Amino acid sequence: MSASDGPAPAQPAGPADATAHAETRKLDRTMKPAWVFAIALGSAVGWGAFILPAEWLTDGGTAGALIGFAIGTVLMAIIAVSYGLVIRALPVTGGELSFTLHAFGRYASFVVGWFLALAYACIIALNASAMTLVFRQLFPSVMERGYLYTIAGWDIHAPEVVVALAAMIIAGALNARGAALSGRFQFYACVIMMLAVAIILVWTAVLYAQDPVPLYQGFPAEVSPFAAIAVMVAFAPWAFVGFDNVPQAAGEFDFSPKKAMGLIVAAIFASGAIYLTMILVTSVAASHAGGSVDGSVWATADAITAMLGPVGRALVVIAVFMGVITGLNGFTVSASRILMTMGRARMLPPVLGRVSHRFGTPVVAVAAAILIASPSPFFGRSALLWIVDMTSVGVTVAYFVTCLVAFKIAEEDGWSPGRTKLAKMIAIVGAVLSVGFLLLLIVPGSPGALATEPLVALAAWVVLGIVFFVLRKPAVDEMPEEQLEQVILEG
């Protein structure tokens, strides 16, 4: 309470005081380094590394997919360095939204927050839909019962809707009960995932040494090698999205923010290693299976099963299950922190900024993130992929803005000339890379250009954002700058 409010300690706190206190209460600092690394790794890998390699081989070939992902890993690591620089200077909750608010003001931060909130909620939904693919492998006869309808070529079945909704609700409940519980769970799930991948790799290497077979085609016959590699590079912003979950929870670190850069970069290279491993293993498996990776809902698992048998399938199921739940958990953390920060900044209803006294978590924002994602199982995976493709644009814009913030911080923070010059150079390179990723997504005819449906979804979300901004602008404008600094940059 400000001094102008009078001698408030002599009076009992009313409902308004309780609400304000709940909104401005700081989150508990319980996040340990291993948990933060696991949040970045588990979110960046998610389900894609275990479900999509067969599609990547079809689109880019073995050489195109491997080279493209290797390049993408390095490029994303460069961008991640800028994130580390900013976290070191601004270890606050809200990630890119708070960074942008500090450097460029509330209007720019609304744009970043609007796109990131949708992106993270959509990835929660996509991980939940991936859970249904796992259950299809485990209980195919059960999951294909209860046909409801078909959207965009995808059949909707009642058991799949139930599984996806249950997965999101469980992730929300886990996050609502405390960051420590969520972080510890994330760490152990990542360990299991990495062990499963390591066993698959070693087993495949042994079989390949005993019976070398030609790998799946190097590049697709119908496209140039450059185009095949470019498609994979354009996929990098989406494939590695999740490392940026780390700054969303920077206000909850129980360690020095100086460690954040190393944790993020290490997580990106670990993620890249898992992607490259699964591409290579699937290429070998496809050759063992007769050179085909097409024709099934989960071609990657089918190819590996043909090579390694039922145990191989079990390992892939374990890996993707861990990837899915770590993705669900990590993006629930991020989506809720973005919504909480937007609530505290009055960009969204202030109730989203509340922090539970019992659990020390933004329970309302967690519930809102799950609520936003919850309709997705009723629309099918094909339609959901259009939305997720569209969100790649918003995530790439967030990368670009963070690199600009890193450049500004390098100029203002009084570092040594050598360190300042290096930081500014890295920030500029990261910004240029972000623009390059964005152009690959939106320029017609580029190898990674978005299809019509994602572009329509993007236009609709922009229009909705403009409407929402106009409605919330008076509340955003009336909040004093000092209060913004207090509840966000110090919260």
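Leaving ligands and nucleic acids out of the surface, order 363, 163 by accessible area at 1.4 Å, largest first.
363, 163
Which listed residue (116, 103, 57) has the Cα farthest towards the positive end of the charge dipole for the chain, taking +1 on Lys and Arg C-beta and -1 on Asp and Glu C-beta about the Cα centre?
Farthest along the dipole direction, towards plus: 103.
Would you mind checking the tilt of helix 260-288 against the longest principal axis of the Cα atoms of the chain, expressed as 0 to 90 degrees and rounded to 10?
20 degrees
Give the carbon-plus-sulfur fraction of the accessible surface of segment 227-349 in %, rounded to a whole number; probe 1.4 Å, heavy atoms of protein chains only.
Looking at segment 227-349 in its full context, I get 69 percent from C and S.
Please report, in cubic angstrom per residue, the volume enclosed by the convex hull of the alpha-carbon atoms of segment 353-422.
Dividing the Cα hull volume of segment 353-422 by its residue count gives 154 Å³.
Report ³J(HN,Hα) in whole Hz for each residue of segment 403-412, in order, from the Karplus equation J = 6.51 cos²θ - 1.76 cosθ + 1.60 where θ = phi - 60°; Gly and Pro get x.
For segment 403-412, the Karplus-derived couplings read 5, 5, 4, 4, 4, 5, 5, 4, 6, 9 Hz, x marking Gly and Pro.
What accessible area per residue, rounded to a whole number of Å², is obtained for the chain using a probe radius of 1.4 Å?
On a per-residue basis, the chain sits at 39 Å².
Two decimals is fine: what is log10 I(q)/I(0) at q = 0.22 Å⁻¹ for segment 162-282, from a Debye sum with one equal scatterer on every Cα and no solvent?
-1.36
Go through 408/473; 32/424; 258/408; 32/408 and tell me which ones have a Cα-Cα distance over 20 Å in this structure.
From the list (408/473; 32/424; 258/408; 32/408), the Cα-Cα distance tops 20 Å for 408/473; 32/424; 32/408.
May I ask for the Rg/Rh ratio of the chain, computed from Cα atoms with Rh as the Kirkwood radius, given to two decimals?
Rg/Rh: 0.98.
If exposed means no more than 12 neighbouring beta carbons inside 10 Å and the site is in a DSSP loop, what's the longest run of the chain without any exposed GluC sites (Glu not before Pro)?
223-489
Using the reciprocal of the averaged 1/r over all distinct C-alpha pairs, how large is the Kirkwood radius of segment 403-491 in Å?
It works out to 16.8 Å.
Using +1 on the beta carbon of Lys and Arg, -1 on that of Asp and Glu, and nothing else charged, what's the dipole of the chain about the Cα centre, debye to 20?
Around 820 debye, computed over the chain.
Taking amide H positions as placed in the peptide plane 1.01 Å from N, state which residues far from residue 156 in sequence (5 or more) or on other chains have amide H under 5 Å from it.
When sequence neighbours closer than 5 places are left aside, the close amide H contacts are 148, 149, 150, 151.
Could you tell me the relative contact order of the chain? Use alpha-carbon pairs under 8 Å, at least six residues apart, and round to a whole percent.
32 percent
May I ask for the angle, rounded to the nearest 10°, between helix 452-478 and the longest principal axis of the chain, with both axes built from Cα atoms and the value confined to 0 to 90°?
Relative to the chain, helix 452-478 is tipped by roughly 10 degrees.
How large is the charge dipole for segment 339-427, taken about the Cα centre, if only the Cβ atoms of Lys, Arg (+1) and Asp, Glu (-1) carry charge, to the nearest 20 debye?
Result for segment 339-427 is approximately 200 debye, rounded to the nearest 20.
Using only C-alpha atoms and all pairs of different ones, pull out the Kirkwood radius for segment 336-377 in Å with one decimal.
Mean inverse Cα-Cα distance, inverted, gives 10.2 Å.
The values are calculated or read from the model by the stated rules, or taken from the named source; none is laboratory data. Quick caveat, the model's predicted, so the values are computed rather than measured. Using ideal geometry, Cβ is built from the backbone for each residue, glycine included, and neighbour counts are taken over all protein chains shown. Side chains included, ligands, DNA and RNA excluded: accessible areas come from the protein's heavy atoms. Shrake-Rupley method; radii C 1.70, N 1.55, O 1.52, S 1.80 Å.
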